[in-house]
Structure formats: structure tokens, C-alpha cells
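Colleague: Here you go, one structure.
The values are calculated or read from the model by the stated rules, or taken from the named source; none is laboratory data. For clarity, every value in this text was computed on a predicted model and none was experimentally measured. Please note: Cβ atoms are built from the backbone with ideal geometry, for glycine as well, and neighbour counts cover all protein chains shown. Heads up: the accessible areas ignore ligands, DNA and RNA and are worked out on the full protein's heavy atoms, side chains in. Shrake-Rupley method; radii C 1.70, N 1.55, O 1.52, S 1.80 Å.
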Amino acid sequence: MVLIDLLFPKFCLGCRLPGTYLCPRCQKNLRQLKQGRCFYCQRDSLYGLTHPLCLKKFNVDGVTSLYSYNGFLKKIIKNFKYRLATKIAQDLFRAITPEAIDRLSFYKKLSAPIYFQPIPLSRKKLRERGFNQAFILAKFFMTYLNLPIADFLLRVKDTDPQSVQKNKRDRSINLRNAFVINQKTNFGLINNARIILVDDVITSGSTIREAAKVLRKAGALKIYALSLAG
Ligand SMILES: [Zn+2]
Ligand SMILES: [Zn+2]
């Protein structure tokens, strides 16, 4: 047992059983999303690709979420964001089944150049939190899809906590111009690239839309989004 386990004994985030953050019984509460859905019309779609008729300028080409964002996963993700992220991540990633991971196989078919782009935190927030949970998640996805992690985006605007906003429209106004291209980026890398945005949760999709718009304007060919929960 390492020191951190003595100082902060592990308890299941679902049922308080000691020894793990996700006990085998609670792992069953992770509800895998099997059928892909179009991000814009919410109807079934192979691999979660946006239907050609639903696709407009600067839109997202496809979205894959592995699990349903139910009460149980909400609790885990909240903890994953605010404390002991890497410890919780280990147990959480171990619980992700091969069937869920299989949803990523679509991305193996895409041709290069292709990158993961974790949704960035603002510099201030990154300093406060010490890590970006989307980056931790991208590193996990990297073990299945051996793609480079890009640093093309900067978050220049901190948004109010999304929970206090009432509706989808408020959320998207709140996120407007939240991202810019990182000045250090070589635009030649973005040009004609396929970029997979990575975030822990995709619900309203405002964040994804805003990030996709910025990258498409900078020349990206296709934008996909991949999340743990949706
Ligand atoms: Zn449990
Ligand atoms: Zn559609």
C-alpha cells in the first residue's frame, strides 16, 4: 500500500465500499451508449456521424460518447474533475469495457493527419486545478488510437459555471469566443487535418461547437468529438 492510500483511503464513489473508487457492483451502473446518433438531429446514425443533410459550415462531423451521463457517472466525473483525478482515472479507465472501446474503431479508419485535441482549460483554471481532465482522458484514448495530442487551442475566456445557466442558448452565448488558435501553432499542421476533440462530458455540445468552429476556420478538414459521457 502506498502512502497516499493511507492518507486518503479509497472508497467506492457509488456505495462507499472501501478499497476502490468504483467497486465491481457499481461499475454495472455505467450505461454504455451503443447506437450512434447524429449530433444535430439526434436520430440514429452510423458511428455517430452527422447526416450529410444536417451538416452545415463549421459543424462537427461526428460525435462519439461512450457512456450515458447518468447520476452515477455524474458523481464520478465531478470527483474526477475536482480531486485525486489521476487516482480516480486509473480505476475509472480500468472499468471501461472492450465493447465500449470498440466504438473507437471508426477513428482507426481515418487517414492522417489526425490529432486528438483535448478541450483546454483557461490558464487560470489550469493553474488552480493543476491538471486538465480532458488531457488525462486523451492520454487514455491514446492507448487505443495511437494519435498525437495537439495543443492547437487556447481557452481565452473563462465561462461562468455552466450549471447556473438556464438553457442551451445561454450556454452557447456564454461560450462565444471562448477559444482561439494557440499562437505557437503551425497552421500548416491544422490545414486539412482531422481533429478529434476530447472532453469528459458532452451534453448541450456548446463547447464542442465553439471549438470546432475555430478549428474549421483555421483550415481543419474534419472535426469529430469523443467523450466519456454524453
Ligand atoms: Zn460501489
Ligand atoms: Zn442528423
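Colleague: Working carefully through the options 110, 104, 145, 126, find the one that is free of Cβ contacts under 8 Å to residues at least 60 places away in the same chain and open to solvent by less than 50 Å² (accessible area, probe 1.4 Å).
Modeller: From the options 110, 104, 145, 126, the qualifying one is 145.
Colleague: Moving on. Taking only pairs six or more apart or across chains, which ones have beta-carbon atoms under 9 Å, a first residue in region 71-95 that is touching a residue at least 40 places away in the same chain (Cβ under 8 Å) and closer than 13 Å to residue 136 by Cα, and a second residue that is among the small types (Gly, Ala, Ser) and not in a loop (DSSP other than H, G, I, E, B)?
Modeller: Pairs that qualify, where the first residue is touching a residue at least 40 places away in the same chain (Cβ under 8 Å) and closer than 13 Å to residue 136 by Cα and the partner is among the small types (Gly, Ala, Ser) and not in a loop (DSSP other than H, G, I, E, B), are 77/229; 80/89.
Colleague: While we're here: Using the structure shown, decide if residue 190 is surrounded by 22 or more Cβ atoms within 10 Å (Cβ to Cβ), of a type in the set (A, V, I, L, M, F, W, C), over 19 Å from the mean Cα position of the chain (by Cα) and within 22 Å of residue 148 (Cβ to Cβ).
Modeller: yes
Colleague: Starting from residues that are out of contact with any Leu (no Cβ under 7 Å at 6 or more places or on another chain) and within 15 Å of ligand 1 (Cβ to nearest atom), keep the ones in region 20-34 and report whichever is most open to solvent (accessible area, probe 1.4 Å).
Modeller: So, considering only residues that are out of contact with any Leu (no Cβ under 7 Å at 6 or more places or on another chain) and within 15 Å of ligand 1 (Cβ to nearest atom), the one most open to solvent (accessible area, probe 1.4 Å) is 25.
Colleague: Do you know which of the residues in region 5-18 that are open to solvent by 60 Å² or more (accessible area, probe 1.4 Å) and either of a type in the set (Gly, Ala, Ser) or more than 8 Å from ligand 1 (Cβ to nearest atom) (or both) is modelled with the highest pLDDT?
Modeller: Filtering first and then ranking leaves 18.
Colleague: Residues that are within 16 Å of ligand 2 (Cβ to nearest atom) and open to solvent by 50 Å² or more (accessible area, probe 1.4 Å): does region 62-81 have at least one?
Modeller: no
Colleague: Within region 35-56, is there a residue that is away from ligand 2 (no atom under 16 Å from the Cβ) and open to solvent by 40 Å² or more (accessible area, probe 1.4 Å)?
Modeller: Taking every residue of region 35-56 in turn, none turns out to be away from ligand 2 (no atom under 16 Å from the Cβ) and open to solvent by 40 Å² or more (accessible area, probe 1.4 Å).
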